[in-house]
Amino acid sequence: MNSEPMSGPAPSPSGVGAAPRPDDLPEPDAKPAPATSRFLWFGAYALVVLLTALRAPQAYAHVSDRVPSELSEGIDDADMQSLALRSAVLIGVIVTAFTVAVYFVLAAMLEKKVFTARKTLRGRASFGLFFLIMVLCFVPTQAAGLAFDVVPRESLYYYAYILAVAIAAPWVFRGVWKGLPARKIAILFTASIAMASLTGIG
């Protein structure tokens with residue numbers, strides 16, 4: 001009893017040739033992995049928001065000390081004044097969290113469009129240039145403000161530090177950009193300075 005072979009492709013209905021098998025179809029181009037691992041973005045964002053929230057009592061005291069005397073004299077109810085100040089601080093924390101999220105999204109876009117190099121950590125985790133800038137601009141300054149009960153942005157040292165981060169961070173990736181044309185290197189440092197400056201403004 002004869003049996004037909006099972007390994008050959010079935011003829012196409014038109015009889016022109018064999019129908020392509022799924023394995024023969026070209027695979028779509030895989031999207032390149034982002035420079036910074038996603039969990040690092042989320043972890044860094046959560047840390048910045050946590051530090052901001054922990055500094056809320058300091059912000060309340062700072063705002064209370066700066067309420068104009070004529071304004072405080074116009075409010076007879078101290079509880080009402082306290083509630084207004086606490087609401088202002090809460091809104092400030094929410095606005096800060098939103099602003100940081102926008103900056104993180106912008107930094108992730110720059111890592112896709114401007115500079116895609118990465119540094120690999122243990123395992124499969126990696127980080128890119130603009131993630132490094134975001135972390136260095138936000139985390140140490142917020143931690144210093146919390147630890148020393150100061151407002152970093154009121155000091156010139158804060159802005160000097162932000163500028164130092166913007167200039168120094170690209171050198172971590174010098175092995176990648178040192179062979180690029182001068183124009184592209186200039187764009188890289190300009191983007192680095194611009195991104196760091198945003199953190200000092202917002």
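The values are calculated or read from the model by the stated rules, or taken from the named source; none is laboratory data. Since the structure is predicted, the reported quantities are computational estimates derived from the model, not experimental observations. Glycine also receives a Cβ, built like all others from the backbone with ideal geometry; neighbour counts cover every protein chain displayed.
TYR159 passes all but one of (1) buried (at least 18 other Cβ atoms within 10 Å of the Cβ); (2) among the hydroxyl-bearing types (Ser, Thr, Tyr); (3) under 14 Å from PRO140 (Cα atoms); which number fails?
(1) is the only condition that TYR159 fails.
Suppose we keep only residues that are loosely packed, with under 13 Cβ neighbours inside 10 Å and among the hydrophobic types (A, V, I, L, M, F, W, C) within the range 172-193. Which one would you say is farthest from VAL135 (Cα to Cα)?
ALA182
Residues are listed down the side, and each one gets a yes or a no for (1) of a type in the set (Val, Ile, Thr); (2) more than 24 Å from ARG66 (Cβ to Cβ); (3) in contact (Cβ under 8 Å) with a residue 12 or more places away in the chain:
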{"position": "ILE94", "(1), (2), (3)": "yes, no, no"}
{"position": "VAL100", "(1), (2), (3)": "yes, no, yes"}
{"position": "TYR103", "(1), (2), (3)": "no, yes, yes"}
{"position": "ALA125", "(1), (2), (3)": "no, yes, yes"}
{"position": "GLY145", "(1), (2), (3)": "no, no, yes"}
{"position": "VAL150", "(1), (2), (3)": "yes, no, no"}
{"position": "GLY179", "(1), (2), (3)": "no, yes, no"}
{"position": "LEU198", "(1), (2), (3)": "no, yes, yes"}
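Of the residues PRO28, PRO34, PRO57, which single one is assigned to a loop (DSSP other than H, G, I, E, B), within 33 Å of the chain's Cα centre (by Cα) and at pLDDT 65 or above?
The unique qualifying residue is PRO34.
Among the residues that make up the range 131-140, is at least one of them more than 24 Å from HIS62 (Cβ to Cβ) and surrounded by fewer than 19 Cβ atoms within 10 Å (Cβ to Cβ)?
Within the range 131-140, not a single residue is more than 24 Å from HIS62 (Cβ to Cβ) and surrounded by fewer than 19 Cβ atoms within 10 Å (Cβ to Cβ).
I'd like the full set of residues that are without any contact (Cβ under 8 Å) to a residue 60 or more places away in the chain and more than 12 Å from PRO34 (Cα to Cα), limited to the range 105-119. Quick ask: steps written out before the conclusion?
Step one: list which residues in the range 105-119 are without any contact (Cβ under 8 Å) to a residue 60 or more places away in the chain, which gives 105, 109, 113, 119.
Of everything in the range 105-119, just one residue is without any contact (Cβ under 8 Å) to a residue 60 or more places away in the chain and more than 12 Å from PRO34 (Cα to Cα), namely VAL105.
So GLY128 passes all but one of these: (1) at pLDDT 95 or above; (2) surrounded by fewer than 20 Cβ atoms within 10 Å (Cβ to Cβ). Which condition number does it fail?
(2)
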